[in-house]
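The values are calculated or read from the model by the stated rules, or taken from the named source; none is laboratory data. These figures come from a predicted structure and were not determined experimentally. Every residue, glycine among them, receives a Cβ derived from its backbone with ideal geometry; neighbour counts consider all protein chains shown. Side chains included, ligands, DNA and RNA excluded: accessible areas come from the protein's heavy atoms. Shrake-Rupley method; radii C 1.70, N 1.55, O 1.52, S 1.80 Å.
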Amino acid sequence: MFDVNKIRADFPILQRTVNGAPLVYLDNAATSQTPQQVIDVIVKYYSEYNANIHRGVHTLSQEATDAYEQARLKIKEHFNAAKAHEIILTSGTTHSINLVANGFTSLLEAGDEIIVSAMEHHSNIVPWQMLCERTGALLRVIPMNKEGALEMDAYLELLSNKTKLVFCNHVSNALGTINPIKKIIDEAHAVGAAVLVDGAQAAPHIRPDVRALDADFYTISAHKVCGPTGVGMLYGKEQWLQKLPPYQGGGEMISEVTFEKTTYADLPHKFEAGTPNICGGIAFGAGLDYMNAIGFDAIASYEEALLKYATEKLLKIEGLKIYGTTAHKTAVISFNIEGIHPYDIGTILDKLGIAVRTGHHCAQPIMDFFQIPGTVRASFSFYNTKEEVDTLVAGVERAKNMLS
Ligand SMILES: *Cc1c(COP(=O)(O)O)cnc(C)c1O
């Protein structure tokens, strides 16, 4: 049974106060909080077996290597990859995307086309623009409509035999929209293009199956699934990872080094130069364990109820407008109140202990589309409660009265 109070007791940070009020943490799309179970894994690593991996014959190094590779296996199982070496451990989504974008430099020619969606995070726009500058490829954009859904007809028109790559997020961090990613992938494959899915915002809410989706690449950050910052995943199909050149040179990624020629290590090490975030990788696995113990079906249905409750209550506030209103969305509410700057609302909410994000959420093109400077974004997790929604709504009402 899903018992939110029992779950909340696992998160020490949720017991603290901010500005004299109990913390109401509604910035989960930026980063999730960390349960004691994951904190314990981090403490245990540094207290008991901190050592460099894949190198030493000594016991600590072997224990650390085993735990790190166990984590890779867990991640592989979680996302249903075919092989463990298709999971590259990176520093996060941004690193994963840059790794692929760099790799494609030698695979693209001038005049080739790359398609991105209009609702991407900056980390899924800028690396492609840089790739276009290096190669002379052209960037095309799938437009979106006023509900915050992609225009699929326009997407189909953009696809052609010039299309080499398609990049799209599974779920929008600014709007919560769940994109029809399977269809996007299938249509891209029909013209021979590869697809990278930015799953950073999907993984906290649903359990993506990279093989069922037939994604060529899938990226996530551990810090959004109850793990630590500075670690994440790049899933890539084996044949693509073989084709891409290494991203960074250094230790761990080589097979043999002479001054004449260096040969690269096998997957996944080819893409894992230098000492990785060992503890982070192990704790990444622990974060997924924690969420799987609760269960993603339970998480999804609880969050859906929370989203419905919060949407209905917020819409009762006069002048409040929600951006991202498709039926198919995760528990993210981006909103504004007419005539009030989002930053001012966020500041007052913080005085009341309520953490929301204000601004463009690293997705400026979306804000330009709606012709707004930004939004207030409340993003929910499975450890949030209806009482916290009530506190948010009362806080927003109070901010409105103070500011208008
Ligand atoms: C958070 C996020 C990113 C960036 O993740 P980092 O951990 O900062 O690399 C990229 N895309 C989406 C959709 C995100 O939500």
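Put simply, the amide H of VAL195, placed in the peptide plane, has neighbours under 5 Å in VAL166, ASP216, PHE217, leaving out anything fewer than 5 places away on its chain.
For a test of the definition: using alpha carbon positions, the gyration tensor, and the 1.5 limit on a/c, classify the range 96-167 as rounded, prolate or oblate. In terms of gyration-tensor shape, oblate. Taking all protein chains together and a 1.4 Å probe, the residues THR311, THR90 rank THR311, THR90 from largest to smallest accessible area.
Simple rule: put +1 on each Lys or Arg Cβ and -1 on each Asp or Glu Cβ in the chain, find the dipole, and look at ILE184, ILE282, HIS361; the Cα lying farthest toward the positive end is HIS361. Magnitude of the charge dipole for the range 4-94, about its Cα centre and with charges confined to Cβ atoms of Lys, Arg (+1) and Asp, Glu (-1), is about 140 debye. Taking the Cα centre of the chain as reference, the dipole from Cβ charges on Lys and Arg (+1) and Asp and Glu (-1) amounts to some 460 debye.
Look at where the Cα atoms of the range 268-328 and of the range 1-44 average out, and the two centres are 14 Å apart. Output the 0 to 90 degree angle, nearest 10, between the alpha-carbon long axis of helix 278-294 and the longest principal axis computed from the alpha carbons of the chain. Tilt relative to the chain: about 50 degrees.
Among rounded, prolate and oblate, which fits the range 39-292 when a ≥ b ≥ c are the square roots of the eigenvalues of its C-alpha gyration tensor, a/c under 1.5 means rounded, and a/b larger than b/c means prolate?
Oblate, because a/c is 1.5 or more while a/b does not exceed b/c.
For the cross-link pairs LYS74/LYS182; LYS351/LYS386; LYS237/LYS386; LYS6/LYS400, which exceed 30 Å when the distance is taken from alpha carbon to alpha carbon? Flagged as over cut-off: LYS237/LYS386; LYS6/LYS400.
Distance between the 7 Å Cα→Cβ label points at GLN70 and GLN37: 1.4 nm. For GLY339, neighbours were defined as the other residues whose beta-carbon sits under 14 Å from its Cβ, and their charges (Lys and Arg +1, Asp and Glu -1) total -1. Note on LYS261: lysines with a C-alpha under 25 Å away, same-chain residues under 8 apart excluded, are LYS243, LYS270. As a length-normalised measure over Cα pairs under 8 Å and 6 or more apart, the relative contact order of the range 39-292 settles at 24 percent.
For GLU304 and LYS44, the difference between the fully extended length at 0.36 nm per residue and the C-alpha to C-alpha distance is 90.1 nm.
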